[in-house]
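This report concerns only the one structure given below.
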Amino acid sequence: MDGLNSPSGAVMDDHDLSLLFTSCVEAADRAASSPHVRDLVRLVSTYRRDLVFFVGAGASMAGDTGMPSTSQLLQGLTAAALCRSAAFDRLTADRMLDGINPGFEITLNDLWQISPTAVDGFFRSFAAADKSLMPNHVHRFLAWWLATGGTVITTNYDRLIERALGADRGRARVRYAASTAPSDLGSDVDLSMWLQDLEAGGCLFKLHGSFDSTASCLGALEHVTTRLSGERAALVEYVIANRPVCFAGWRGADPDIPSFMASIVETYRSKANVYWIHSHRDGGTLDDKICGTPLSVRWLAERRPIRTDVEIMASGLLQVLAIHVAPLAAGVAVTPDFAAAMNACSSSGALRFAGIVLRRARKFPEAVDALRAADLAAQTAGERTAARQELAHLYWARGARDHGKALQFMREIASTEPLTDDLDLRTTHQFGYYSMAVNVLLDWLEGPPADVTDEALIRRLAELGKVAQDYDRSITDRQKHAVDHRPIALHRALLSLFTGRLRLGLFEVRPDTGLFDEDKVVALFLDARRIIDDAGDIHIHSRIDVLSYTAIGVGTLRTLC
């Protein structure tokens, strides 16, 4: 290891521990944190390597690595999308995006739905910029831990720990690919032998892939999923059950790991031997930090909490363990160039992606500008329809006052745009049209009774019936040609869900319509709940809608009947 002397079993005396407490833990936190620091240090300073470090993005953001934040990355990506055409210059793009903080997985999922190649380009650009990053004390300490037989699990893609290993790179193994991954990743990096690798020690497990092979990087929500599974889940569960674990630089914000942790809480709550390093940055007490973690992982975060700075802690450990490290070089602040990634999109597709990001950030005027530019840049009927659909979704997101405008947009698209050639686009449009029409009708039913005339209700129900039939027909047509049947399951579930919501709403307001049959309505909700399981994680928000509305719908029916 370049510039790093690696004793494997230094014994720390009370003076060393006192020095560590003073340098790493603020006075206000010493009473609560010091006993856990003492225990953690004893685990680190023995010859045994049972302790497993679980590190997240905070480890690579600490110190002067040059690592950009998630918001900086995604702002750069979205700025490149806005500048894909001549519609916006970089200065204007930066102004439009100022202050946004988009979610990583959902943003990449939005881009993936427009252009999977662009997501590949995002990771290639990020991996190229990764070469300018420099390891910090956390990476140096973890490199020492690996080189002396320890185990590290990380959600990070970067190669900073590997870089910190230097000449000792051959003393540690790296595993990051599921055994079901493409064979060209190589069997020497897959996770199929995770238990043997764990028992042998000296292994770095990268749960979401590595920049060593950008094809392994899991970023879009459809690929990360909302629940850890396979070898990754087996590894994490085994470690929680059988090893002491120290979480450092991880907030529990990933979509897949917290839900998995929630599923094992009852089994391991009393057994888990967990240390959790909470950052002392951004103020707040230790209790504040614990309460700030997601409920699904709080049982781990409150187990043996330590409030400190992970970089200072790593530096202190290196010092008191007498591990000599060469002076650290500061990394170059990285600004990946995502222009090549966005060139995989058409101008209209790139602008549509930017409009979706801005809409999710609730920057509605800027989103309107981007989506109107996407409409003008459209080279095909499909691109024009897609841009206008997103404009309709934007109007819907602005609130009830614009719901009618959104529905009218959808109605105009259905009547003027040729949707028949693109089954995916047609089905997506008809779901948007049907769901908006159902919601608008339900809102109307709750309005002034004088407005809800029989004639108007019959007219609206006739329109809805035709939209539902068209939606059902499109799902059937799409099913005939589908290779991936998850989208079919998604749309079948959504059709059942919104039809159930419509019929339940009619009964609550107008029980005399004759359209209510308790068993049939319950069956619609339960069908939606059953079918959505076949849809996987391709649209997490739709899954949540199905689960929540089914629970509400069935509960309401039991109350009414």
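No lab work stands behind these numbers, since they all come straight from the coordinates. From a predicted model like this one, the values you see are computed outputs, not experimental measurements. Cβ: placed from backbone, ideal geometry, glycine included. Neighbour counts: every protein chain shown.
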Quiz item: Between Thr556 and Ser71, what is the FRET efficiency for a Förster distance of 45 Å, r being their Cβ-Cβ separation, to the nearest 0.05?
Solution: 0.65
Quiz prompt | Semi-axis lengths, Å, the stretch 216-305, gyration tensor of Cα atoms, sqrt of 5 times eigenvalues | solution = 22, 17, 11
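Which value in Å is the Kirkwood Rh of the stretch 387-440 over different Cα pairs? Walk me through the intermediate numbers first.
Numbers: mean 1/r = 0.0910 Å⁻¹.
Here the Kirkwood hydrodynamic radius works out to 11.0 Å.
For the stretch 301-401, what is the convex hull (Cα atoms) projected area averaged across all directions, in square nanometres?
On the way: hull surface 50.8 nm².
Its average projected convex-hull area is 12.7 nm².
Starting from the stretch 40-90, pick out the chymotrypsin sites (Phe, Trp or Tyr not before Pro) whose DSSP state is loop and whose Cβ has at most 14 other Cβ atoms within 10 Å.
Within the stretch 40-90, the qualifying chymotrypsin sites (Phe, Trp or Tyr not before Pro) (loop, at most 14 other Cβ atoms within 10 Å) are Tyr47.
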Quiz item: Which value in nm describes the separation of the simple spin-label points at Ala340 and Thr476, placed 7 Å from the Cα toward the beta carbon?
Solution: 4.8
Quiz item: Rounded, prolate or oblate: which fits the stretch 380-560, taking a ≥ b ≥ c as square roots of the Cα gyration tensor eigenvalues, rounded meaning a/c under 1.5, else prolate when a/b beats b/c?
Solution: oblate
Exercise. Treating the angle as unsigned and between 0 and 90°, give the value, to the nearest 10°, between the Cα long axis of helix 518-532 and the longest Cα principal axis of the chain.
Key: 40
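Can you work out D for the stretch 237-276 in µm² s⁻¹ from Stokes-Einstein, where Rh is the Kirkwood radius over C-alpha pairs, the temperature is 25 °C and the viscosity is 0.890 mPa s?
229
Output the Kirkwood hydrodynamic radius of the stretch 355-470, Cα pairs only, in Å rounded to one decimal.
Values: mean 1/r = 0.0666 Å⁻¹.
Taking every pair of different Cα atoms in the stretch 355-470, averaging 1/r and inverting gives 15.0 Å.
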Quiz prompt | Under Karplus coefficients 6.51, -1.76 and 1.60, residue-wise ³J(HN,Hα) of the stretch 437-449 in Hz, glycine/proline x | solution = 5, 4, 5, 5, 5, 5, 4, 5, 4, 8, x, x, x
Quiz prompt | the chain: radius of gyration and largest Cα-Cα distance (Dmax), Å | solution = 26.9, 87
Quiz item: For Arg173 and Ala326, what is the calculated FRET efficiency with R₀ set at 22 Å and r taken between the beta-carbons, to the nearest 0.05?
Solution: 0.35
Practice problem: Please list the non-local residues whose amide H lies under 5 Å from the amide H of Gly219, H modeled 1.01 Å from N, same-chain partners needing a gap of 5 or more. | Solution: Val224
Practice problem: With just the Cα atoms of the stretch 255-331, tell me how far they stretch along each of the three principal axes, in Å, largest first. | Solution: 45, 27, 23
Quiz item: Antiparallel as a % of all DSSP beta bridges within the chain, to the nearest 5?
Solution: 10
Self-check item: FRET efficiency for Arg362 and Ala31, using Cβ-Cβ distance with R0 set to 30 Å, rounded to 0.05
Solution: 0.10
Exercise. Can you pull the one-decimal nm distance between simple spin-label points at Cys291 and Lys466, each 7 Å off the Cα toward Cβ?
Key: 5.5
Quiz item: Once every DSSP H run of n ≥ 4 in the chain is given -39500 (n - 2.57) and the sum is divided by its residues, what mean residue ellipticity at 222 nm do you get, rounded to the nearest 500 deg cm²/dmol?
Solution: -18500 deg cm²/dmol
Quiz item: Leaving out same-chain residues fewer than 8 places away, which lysines sit with a Cα under 25 Å from that of Lys480?
Solution: Lys466
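Can you tell me the length gained on complete extension of the stretch Thr46 to Asp533, counting 0.36 nm per residue apart and subtracting the Cα distance? Walk me through the numbers before you get to the answer.
On the way: separation 487, 0.36 × 487 = 175.32 nm, distance 4.69 nm.
Length gained between Thr46 and Asp533: 170.6 nm.
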